[in-house]
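Visitor: Questions regarding the structure given below will be posed in turn.
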Amino acid sequence: MTEREMWTLALGQLAMISREQALAAIGRRRLERLVDTGRLTRPRDRVYRIAGAPTDAREPFLAACLAAGDGAVVSHLAAGALWSMRGLLLGLPESSWRHREGFTSLV
């Protein structure tokens with residue numbers, strides 16, 4: 001993946017990208033430089049966001065999934081709220097992901 005492809009990927013993910021995705025595209029030194037110069041911010045551990053991009057109420061949920069890694073999904077009440085299920089409001093992000101021993105959930 002090139003740096004240009006990284007920016008395109010981030011724009012398709014509410015202006016966010018995981019550390020693993022960024023490192024695959026640009027490497028650690030370039031990633032640190034983008035953070036140091038303010039082009040990227042860190043809304044959560046292992047997650048970067050394009051500075052100045054429009055905000056979205058769904059960001060904490062995607063950030064939780066990006067931080068958890070491949071296979072993570074928004075789950076439980078948070079998933080229902082994102083799907084606009086009647087009576088559910090966006091609150092704390094809840095995510096789940098599969099591993100060898102089963103599933104793990106993170107709030």
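Visitor: Just give me the residues in the range 33-46 being loosely packed, with under 12 Cβ neighbours inside 10 Å and part of a helix (DSSP H, G or I), in sequence order.
Guide: Once the filter is applied, which keeps residues that are loosely packed, with under 12 Cβ neighbours inside 10 Å and part of a helix (DSSP H, G or I), the range 33-46 yields only D36.
Visitor: Continuing with the same structure: From the list A81, A67, exactly one residue is outside the structural domain of L14 (by TED's automatic domain parsing), without any contact (Cβ under 8 Å) to a residue 12 or more places away in the chain, out of contact with any Pro (no Cβ under 9 Å at 6 or more places or on another chain) and of a type in the set (G, A, S). Which is it? Let's see the steps before the verdict.
Guide: Values: A67 fails: without any contact (Cβ under 8 Å) to a residue 12 or more places away in the chain.
On inspection, the qualifying residue turns out to be A81.
Visitor: Could you tell me whether any residue of the range 47-69 is basic (K, R) and out of contact with any helix residue (DSSP H, G or I) (no Cβ under 8 Å at 6 or more places or on another chain)?
Guide: No - not one qualifying residue is present in the range 47-69.
Visitor: When you scan the range 47-64, how many residues do you find that are touching a residue at least 12 places away in the same chain (Cβ under 8 Å) and not in a strand (DSSP E or B)?
Guide: Total meeting the criteria: 12.
Visitor: A follow-up question, please. Which numbered condition trips up S75, out of (1) at negative phi; (2) free of Cβ contacts under 8 Å to residues at least 12 places away in the same chain?
Guide: Result: S75 fails condition (2) only.
Visitor: Got a sec? Which of S84, S96 is at pLDDT below 90, assigned to a loop (DSSP other than H, G, I, E, B) and polar (S, T, N, Q)?
Guide: Values: S96 fails: assigned to a loop (DSSP other than H, G, I, E, B).
Sole residue among the options that is at pLDDT below 90, assigned to a loop (DSSP other than H, G, I, E, B) and polar (S, T, N, Q): S84.
Visitor: A further question follows. Kindly provide the set of residues from the range 9-32 that are closer than 23 Å to V74 by Cα and surrounded by fewer than 13 Cβ atoms within 10 Å (Cβ to Cβ), ordered by number.
Guide: Those that are closer than 23 Å to V74 by Cα and surrounded by fewer than 13 Cβ atoms within 10 Å (Cβ to Cβ): G12, E20.
Visitor: Give the residues of the range 47-77 that are surrounded by fewer than 16 Cβ atoms within 10 Å (Cβ to Cβ), within 22 Å of I26 (Cβ to Cβ) and either among the charged types (D, E, K, R) or modelled with pLDDT under 90 (or both), sorted by residue number.
Guide: G69, D70
The values are calculated or read from the model by the stated rules, or taken from the named source; none is laboratory data. Keep in mind that what you see is a predicted model, and the values were worked out from it rather than measured. Every residue, glycine as well, gets a Cβ built from its backbone with ideal geometry; the counts of neighbours run over all protein chains shown.
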